[in-house]
Structures are given as structure tokens and as C-alpha cells.
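K.L.:
Take this structure, written in C-alpha cells, and hold onto it; I'll ask about it next.
We did not get these values from a lab; they are worked out from the coordinates using the rules stated. Keep in mind the model is a prediction, meaning the values are calculated, not measured. Heads up, the Cβs are rebuilt from the backbone with ideal geometry, glycines too, and the neighbour counts pull from every protein chain shown.
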Amino acid sequence: MQAGNVTLGALAPERDRTLVVLSRDGELAVGLRERLERARVVVKDARPDESLTAVESCQPWPWMLVGDVADLPPGVEAVPVRHPVLVLWLGPPPCGLPAHARSFSGFSELADAASRALDAEVGGMRLATGAGVELPGGRLARSASLQALVSAHPAGFNLPLAAFTSAARALSGSAVRVRPRRDSVTGWVSLQ
Amino acid sequence: MKANAEVLLLEDDMAKLDELRRHFESRGFHPLTFRSASRAIAALREGGPATQPVISIVDWDLTMAPDQSASSSDALCVLARDASDCLVIVYTANADSFRVRSAINRAHPRAWLHDKRDGDASLMERVDRMLDHPVADLRVEDGSFVVHVPSQDQCHHREAVRLVLRHPEIVTFHSDTATRAVRRFGDWLARHGSPAAVVSHGNRRYRLAVSGTEPASHPGAPRS
């Protein structure tokens with residue numbers, strides 16, 4: 001019996017918090033998987049030719065995009081410039097990444113940054129296990145844009161404020177005092 | 001559903017497969033045993049209530065499999081896509097190789113790795129640690145039900161077993177029947193005043209949350 005149409009699990013649809021790693025050999029993904037608490041993030045290890053499928057398999061979008069390739073595979077750039085995706089790059093970032101992308105010269109620094117993003121806490125909010133944000137009092141907010149803002153805090157995203165509508169909605173009526181706001185100096189949207 | 005929960009065992013060595021089967025039977029599970037990935041894939045794809053394993057134990061190195069038309073990687077891909085609610089442990093003698101780890105987790109991003117060189121007993125110990133791990137005032141018994149320890153009341157549904165075994169992770173359920181069972185389990189927990197509660201993450205995704213502290217990691221995680 002043939003296995004038939006078998007698709008890599010890394011390219012299967014995923015609704016939990018997802019970190020997509022774009023690399024040629026997988027070493028970066030293996031290292032990150034060992035460093036990060038797996039109940040809190042799913043690491044998808046993609047090769048350049050699989051990148052777009054891997055990114056698009058994350059619903060609604062990847063929580064974080066990490067890579068070490070010199071050129072961004074075609075189509076991938078559209079996602080982090082449209083949605084709040086944290087972007088960490090090992091080595092010089094390729095053209096096409098948004099301005100909020102951060103680059104690192106070593107793996108340890110990059111892994112520390114990814115770990116800090118998972119552990120971030122803002123105004124009593126922190127990332128919930130699996131996906132979403134735990135608000136003070138224990139209520140779960142599923143907003144992916146709020147999840148991104150909490151992880152990026154105190155930095156933010158070079159995106160329109162409209163990209164954070166679900167975050168503002170999740171926070172309205174809550175005891176949390178911060179809201180997604182455009183920084184008057186940088187022009188980026190962050191929790192303030 | 002009161003049938004004992006299934007566990008899928010994929011191992012090309014008949015003696016080892018038999019040992020695993022006996023171990024899970026002794027824990028009350030219903031083992032589905034396969035020596036070839038192709039057979040395991042066929043069983044998973046046929047579906048039905050008898051092939052919805054809560055746990056899968058997969059040998060990465062299937063060189064002695066009688067049918068080589070599919071690999072352990074293929075079986076993991078099918079598990080990741082079609083049985084994402086199943087907890088998967090893959091064991092290999094090459095766990096140190098980043099290429100092997102990469103291949104395993106590309107096939108199944110949530111799979112746990114176990115080093116074969118630690119011996120067969122260590123795999124059984126790890127499985128037992130996972131099965132015996134209490135979640136708040138709950139524990140799995142005989143592979144088929146969840147016990148509320150203070151009252152000794154039992155909840156007989158494999159989806160309840162699945163949620164306890166996978167705690168603290170989110171589990172995606174694949175049918176309305178399963179999600180109804182999960183909600184009934186949530187009501188059962190509330191009636192018993194358990195500190196554990198079922199939390200919905202939308203789109204048929206649920207997890208057990210325990211008020212107070214949550215564990216830092218799953219009990220199936222390798223010991224550091």
C-alpha cells in the first residue's frame with residue numbers, strides 16, 4: 001500500500017501560536033524548539049520553497065517569523081507587512097521585511113528574544129498557553145493582534161492602526177489601561 | 001463511549017512491539033499494533049471510532065518493516081494532519097542528530113522525541129510518568145476513564161482522557177460528538193468543584209486549565 005498524498009505536518013493548518021522558521025537546513029528550528037516551551041508555541045520548520053505554504057498554514061497568521069536565509073522567498077513578505085507578525089532574523093535581514101524586523105548576530109541572542117516575547121507581561125496580561133492572551137482575572141482574549149502587541153512590548157509594529165482592531169475590541173471594557181496607540185515619534189503601533 | 005482508549009504502536013521489531021503492546025494493555029489501553037507505516041496509515045485513514053488513538057508511539061527507524069512502501073515520516077505526517085488530537089512520541093537511536101530531529105518535527109511539529117539509546121525501560125517509564133501524572137484532582141485510570149480523586153467519581157469518555165493526558169496543551173477535536181463530550185466533561189468538572197476547567201479556544205479547540213499554577217511543561221517532556 002502506498003502512503004498516497006502525504007503532506008508534511010509542518011505545512012498542515014495550525015491555529016495555535018506558531019513560530020515559522022525559514023532556513024535551508026533546519027538547524028535553527030531544532031535549536032529554537034529546544035529553547036521554547038512547546039505547550040506555548042508550535043515551531044514550524046520550513047525550507048525556502050515551502051515558506052509561503054508554511055506561513056499561510058498559520059491561522060490567522062504566524063505569531064513569529066524567524067529566518068536565516070539571505071533572500072525572502074516570493075510571496076512571504078506580504079504577510080508581515082499586512083499583519084502584526086514578530087520578525088527575528090539571524091544575520092542581515094533580506095529586503096522586503098517590515099521595519100519592525102529585528103536582526104541578531106548570534107543564535108543565543110535570537111533565542112533569548114523569542115523566549116522573552118513568549119514570557120512578556122503587560123498590564124497584567126500575558127500570553128495564554130497555546131494561543132491568545134490571558135487578561136487580568138483569567139479571561140482569555142483570542143485576538144492574534146493583541147497577542148502580537150503583548151509579545152512586542154514596549155516596541156510595536158510599523159503597521160496601520162486598523163490592523164489592531166481586534167486587540168482594541170478585546171481590551172475594551174477590560175480593566176487593562178493600555179490600548180493599541182500610534183507612537184507620535186516612531187509612528188509605530190504599540191501598547192501604551 | 002466506554003471503550004478503552006486506543007494507543008497506536010508502530011514498531012518494526014516484533015519482540016519490542018509485543019512488549020509495548022503488553023505494557024499498554026496492562027495500563028488498560030487498547031493497543032493498535034503495526035510493523036509497517038503503510039498499515040498504520042491505512043488504519044488512520046479508514047478512520048472510525050476504533051482508530052482514534054489518544055497516544056501514538058512511533059519507531060523512527062523502520063528498516064525491518066515487512067512493507068517499506070511508506071516511512072515513519074509518512075505516518076507522522078498523517079498523524080499530524082488527521083489525528084492532531086493524538087499525543088505522539090517518536091523514538092530513535094539518532095536523537096542527537098539535528099537532521100533526524102528536524103525530519104521528525106517537520107513531519108510532526110508536536111511530536112515528542114525519545115532517545116532509544118536510553119533503553120526500552122526508559123520509554124515505558126516515560127509513558128508511565130505521563131499516564132500517572134495527576135492534573136489537579138484528576139487522574140486517568142485503566143486507559144478508559146478520568147477519576148475525580150476526592151469523590152472517586154468517573155468520567156467515561158476518551159475525549160476526557162485525551163484532555164487530561166495532553167494537559168496543559170490545547171487539543172483540537174474533530175467532530176461534533178467529540179466537542180459535545182468535551183463540554184459534558186466541563187460540566188462534570190464544575191459539578192465536582194474541581195479546580196480544573198475546560199477552556200474553549202474556539203474552532204473545536206479546548207484545553208484543561210487549572211486555577212492557580214499551571215505546570216511549566218507537559219509530563220511527557222524529557223527530563224532535564
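K.L.:
Using only the Cα atoms of chain B, what do you get for the radius of gyration and for Dmax, in Å?
P.N.:
For chain B, the Cα radius of gyration and maximum Cα-Cα distance read 17.0, 51 Å.
K.L.:
Go through B:201-207, A:83-89 and give me the packing order, highest mean Cβ count within 10 Å leading. Show your work: numbers first, answer last.
P.N.:
Details: B:201-207: 18.6, A:83-89: 22.3.
Final packing ranking: A:83-89, B:201-207.
K.L.:
Roughly how many nanometres apart are two label points built 7 Å out from the Cα toward the Cβ at B:R180 and B:H133?
P.N.:
3.2 nm
K.L.:
Among B:G193, B:A178, B:L163, which residue has its Cα positioned farthest towards the positive end of the charge dipole of segment B:139-214, with +1 placed on the Cβ of Lys and Arg, -1 on the Cβ of Asp and Glu, and the dipole taken about the Cα centre?
P.N.:
B:A178
K.L.:
Using the Cβ atoms and a cut-off under 12 Å, what net charge is assigned to the surroundings of B:P31, where Lys and Arg are +1 and Asp and Glu are -1? Mind dumping the intermediate values first?
P.N.:
Details: positive: B:R21, B:R22, B:R27; negative: B:E6, B:E11, B:D18, B:E19, B:E25.
Summing Lys/Arg as +1 and Asp/Glu as -1 gives -2.
K.L.:
Also, I was wondering about something else. Taking the Cα centre of the protein assembly as shown as the origin and placing charges on Cβ (Lys, Arg +1; Asp, Glu -1), which of A:L8, A:P62, B:L131 is farthest toward the positive end of the dipole?
P.N.:
The listed residue farthest towards the positive side: A:P62.
K.L.:
Report the calculated FRET efficiency for B:R22 and B:Q152 (r = Cβ-Cβ distance, R0 = 25 Å), to the nearest 0.05. Intermediate results must be reported in sequence, preceding the final value.
P.N.:
Values: r = 28 Å, r/R0 = 1.11.
Here the calculated transfer efficiency is 0.35.
K.L.:
Taking each residue in A:122-131, count the Cβ atoms of any other chain within 10 Å of its Cβ, then average. What number comes out? Mind dumping the intermediate values first?
P.N.:
Details: counts 0, 0, 0, 0, 0, 0, 7, 11, 10, 5.
Whole-number average of other-chain Cβ neighbours for A:122-131 is 3.
K.L.:
Between A:T7 and B:A15, how many nm apart are label points set 7 Å from Cα along the C-beta direction?
P.N.:
Spacing of the two 7 Å Cα→Cβ label points: 4.2 nm.
K.L.:
How would you order A:49-55, B:61-67 from highest to lowest mean count of nearby Cβ atoms within 10 Å? Don't skip to the answer; put the middle values down first.
P.N.:
Working: A:49-55: 19.1, B:61-67: 15.6.
Answer by packing, highest mean first, reads A:49-55, B:61-67.
K.L.:
Next question. What does the charge dipole of chain A about its Cα centre add up to, to the nearest 20 debye, if the Cβ of each Lys and Arg holds +1 and the Cβ of each Asp and Glu holds -1?
P.N.:
Working: 20 positive and 19 negative charges, 189 e Å.
The dipole of chain A has a size of about 900 debye.
K.L.:
Within segment A:49-83, list the residues whose amide N lies under 15 Å from a label point set 7 Å along Cα→Cβ of B:N203.
P.N.:
Within reach of a label on B:N203: A:54-64.
K.L.:
Can I ask one more? Per residue of B:198-204, what is the mean number of Cβ atoms on other protein chains within 10 angstrom of that residue's Cβ?
P.N.:
Values: counts 0, 7, 2, 9, 5, 3, 1.
Mean shielding count: 4.
K.L.:
Then there's this: Highest first, please rank the peptides B:20-28, A:103-111 by the mean number of other Cβ atoms sitting within 10 Å of their residues. Can you show the working numbers first?
P.N.:
Working: B:20-28: 17.1, A:103-111: 15.2.
Per-residue mean Cβ counts within 10 Å order the peptides as B:20-28, A:103-111.
K.L.:
Now for a different question. Using the alpha-carbon atoms, what tilt in degrees (0 to 90, nearest 10) does helix B:120-132 show relative to the longest principal axis of chain B?
P.N.:
Orientation of helix B:120-132: about 20 degrees from the principal axis.
K.L.:
Counting only other chains, and only Cβ atoms inside 10 Å, what mean value do you get across the residues of B:70-82?
P.N.:
Working: counts 5, 2, 0, 4, 4, 2, 3, 9, 6, 1, 8, 8, 1.
Whole-number average of other-chain Cβ neighbours for B:70-82 is 4.
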